[in-house]
Each structure stands twice: as C-alpha cells, then as structure tokens.
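Shown next, in structure tokens, is the structure this report addresses.
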Amino acid sequence: MPDKPVALVSGANAGIGLQVARDLARHGLTVLVGSRDLDRGKAAAAEIDGDARAVQLDVTDQASIAALAERVAAEFGRLDVLVNNAGVSFLGDPATPLAERARAGLFTEVPIDVVRRMFETNVIGPIALTQALLPLLREAPAARIVNVGSGGASLTLNADPADPHRRMFGIYSTTKSALHAATLGFAVALEPDGIKVNVADPGFTATALNNFQGTKTVEEGARHIVALALLGPDGPTGTFSSEEGPVPW
Ligand code: NAP
C-alpha cells in the first residue's frame, strides 16, 4: 500500500481537470492524470509539480476503464479520490460560436446520435468509471468522489420562468442533470461505506468547453472541486454546491 493518498482525475490533460490535478498534487497526493490521448496526458503530467502520472482513459471505452482499474489495483491497491471531470458540451466544429452551440443543443434541434454520445461521455462514462473503481475506493480509509456538474443544469433554476439562462437548457445541461441524479444515487448507496460523493459546480470557467468565454480562471473553477475532494470526516455527502454555497438540484 502507498503511504501517500492516490487520486484519479478524468479529462485531466486540459482545462479544469488539469488544474484540479495540479492542485491535488500540490496537496501531496499522487495524481493519476486521466487522458484519452496518453501523450497529451504525459505532457500535462510533466508540467505538474509533485507526483503526477499520466494514464490512458477514455470514459466511453469499457476496455480503457478496465485496464486503468487493473493498473491502479496493481500499483496502489487503493484509490482515495476520484474526480469525474471529463465532459463534452458540444460535438460539432469547436470554432462554432457559443450561442450557436447552445441553439444546436436544444431538444428541437439536436440529432439523436448526439444525444446518445453526450450521454455516453457525461453520464454513463462517470457511472462506469466509478463502478469499476469502487473496490479500490473501498480499500481507502476515507474515499471521496467528486462529480463535476453544472449550475446551468439545475432543474429547479431552469423551471423558473424568470431564469435568464433557461433558454439554453438543452442536451448538455440535461446530461449534467442526469449526472447530478446519479451522484445522489451513489452517495446514498455508499453511505454505509463512509465514501462521500458530491457534485461540484465549477462556475462559468474559461476553457475549450465554451470557446474560452468563461468568466472564471481555471484556478478559480478548480477550487471547489478540490475542496470537495479533500473533505474531512465531518464533510457532507450527497450535496450539490459551488464555491458560493448550495446549488438547487
Ligand atoms: P475542457 O477543457 O474541454 O476539458 C474537458 C476534458 O474532458 C478534456 O480533457 C477532454 O479530453 C476530456 N474528455 C472529453 N471526452 C472524454 C472521454 N470520452 N474520455 C475521457 N476524457 C474525455 O473543458 P472543462 O471546462 O475543463 O470541463 C471539465 C468539466 O467541467 C466538464 O465535465 C464540464 O462539463 C464541466 N463544467 C465546465 C464549466 C465551464 O464553464 N468550463 C462549467 C460547468 C461544468 P480531450 O482533450 O481528449 O478532448
């Protein structure tokens, strides 16, 4: 068994995930930098101070998930922190302006194969990865799971006709609402194991996901995710929050 706690961050080769990996390494954890493309993961891990190691991980590929779980079992025998960060907001040309991306995601517009693929990455992926890693999370003394959700996917806020953002509520937000629901399901089921599972809303953060239009830096966006990943024994489980406080489901 390693003496240092071990964390895995999916989609850690860029954006918020890379910053979360950087911050967890700074806190003294061994960080597995999940990346679909191993070389990009290696480049990301190389720029992190501390113990950061690239691992190949495509959350839509069960073989990739299984290989990673085997590697973590063989090398570490446990996993202390899992951050389900990998996600996609749009599957078309990345140069498409944000307003057009939002329009293309509306349920009156979005092609059904895009619906399936977005659910694969944003919902089924994190569920499959979490399930595969559960035996290793149970080996850790106080494991934590953080799922990266979105305040824009709050059903409560979007159901309010006065909400200024509800016109953008489409496939991306719906996948995140589903991820929030799955988080609660894992949190309840894992209560007897003492594993805390929470949703973090990073806020509107400048990354490739939104053509770098976000108003927060990645350092700011990563902060609350890292806080939930490092929760002490008195910390909550089954919650949805941002740095500003609780977010309605
Ligand atoms: P990003 O820079 O585009 O990063 C997304 C990451 O997910 C990339 O590393 C990407 O890898 C990875 N990824 C995509 N599909 C994957 C798959 N099938 N398997 C494994 N990794 C995959 O965007 P970001 O803003 O940092 O997003 C991180 C998380 O924050 C996402 O879950 C997003 O929904 C959430 N979020 C972001 C904001 C925001 O304003 N930015 C707000 C709320 C929530 P590649 O480089 O290989 O594509």
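Region 1-46 to region 172-217: how many Å between their Cα centroids?
Each part's Cα centre sits 18 Å from the other's.
Straight-line reach from Lys216: which lysines fall under 22 Å, measuring Cα to Cα and dropping same-chain residues less than 8 apart?
Filter leaves Lys176.
Thr108 to Glu219: extension gain in nm, 0.36 nm per residue of separation minus the Cα-Cα distance? Present the calculation step by step, with values, prior to reporting the outcome.
Details: separation 111, 0.36 × 111 = 39.96 nm, distance 3.56 nm.
Taking Thr108 through Glu219 to full extension adds about 36.4 nm, to one decimal.
Quote to one decimal, in nm, the extra length available between Asp234 and Asp37 on full extension: 0.36 nm per residue of separation minus the C-alpha distance between them.
On the way: separation 197, 0.36 × 197 = 70.92 nm, distance 3.74 nm.
Fully extending the segment from Asp234 to Asp37 adds 67.2 nm.
Say each of Thr60 and Ala14 gets a label point 7 Å from the Cα, pointing the same way as Cα to Cβ; how far apart are those two points in nm?
1.5 nm
Testing the spin-label approximation: label points 7 Å from Cα along Cα→Cβ at Asp93 and Arg167. State their distance in nm.
2.4 nm
Would you list which aspartates and glutamates come within 12 Å of Lys196, measuring only between C-alpha atoms, while excluding same-chain residues fewer than 8 positions from it?
Reachable aspartates and glutamates: Asp80, Asp234.
Which one, Thr130, Thr60, Val88, projects farthest toward the positive side of the charge dipole computed for region 29-164 from Cβ point charges (K/R +1, D/E -1)?
Working it through, the farthest residue towards the positive pole turns out to be Thr130.
At R0 = 25 Å, how high is the FRET efficiency between Glu243 and Phe119 if r is their beta carbon distance? Nearest 0.05 is fine. Walk me through the intermediate numbers first.
Numbers: r = 28 Å, r/R0 = 1.11.
Between Glu243 and Phe119 the formula returns 0.35.
Exposed loop GluC sites (Glu not before Pro) only (DSSP loop, at most 15 other Cβ atoms within 10 Å): please give the longest stretch of the chain free of them, not including the sites.
Formally, the longest exposed-site-free interval is 110-242.
Quick one: putting +1 on the C-beta of Lys and Arg, -1 on the C-beta of Asp and Glu, what dipole do you get for region 6-246 around its Cα centre, in Debye to the nearest 20?
Numbers: 20 positive and 27 negative charges, 37 e Å.
In debye, rounded to 20, region 6-246 gives about 180.
Rank Ala143, Ala181, Gly238 by how far each Cα sits towards the positive end of the charge dipole of the chain (+1 on Lys, Arg Cβ; -1 on Asp, Glu Cβ) and give me just the farthest.
Ala181
Could you grab the Rg to Rh ratio for region 6-246? Cα atoms only, Kirkwood for Rh.
Using only Cα positions, Rg/Rh for region 6-246 is 0.95.
Nearest 500 deg cm²/dmol is fine: what mean residue ellipticity at 222 nm does the chain get from its DSSP H runs of n ≥ 4 alone, each adding -39,500 (n - 2.57), divided by its residue count?
Computed mean residue ellipticity for the chain: -12500 deg cm²/dmol.
Which of Val20, Val146, Val110 moves the most in a Gaussian network model of the chain with Cα springs under 10 Å?
Highest fluctuation of the listed residues: Val110.
Using a Gaussian network model on the chain with a 10 Å cutoff between Cα atoms, which of Gly125, Gly15, Gly235 fluctuates the most?
Gly235
Build a GNM of the chain with springs between Cα atoms under 10 Å: which of Asp93, Asp37, Asp49 gets the top mean-square fluctuation?
Between Asp93, Asp37, Asp49, it is Asp93 that shows the largest mean-square fluctuation.
Values quoted throughout were computed directly from the atomic coordinates according to the rules given, and no laboratory measurement underlies them. Values in this document were obtained by computation on a predicted structure and should not be read as measured data. Cβ: placed from backbone, ideal geometry, glycine included. Neighbour counts: every protein chain shown.
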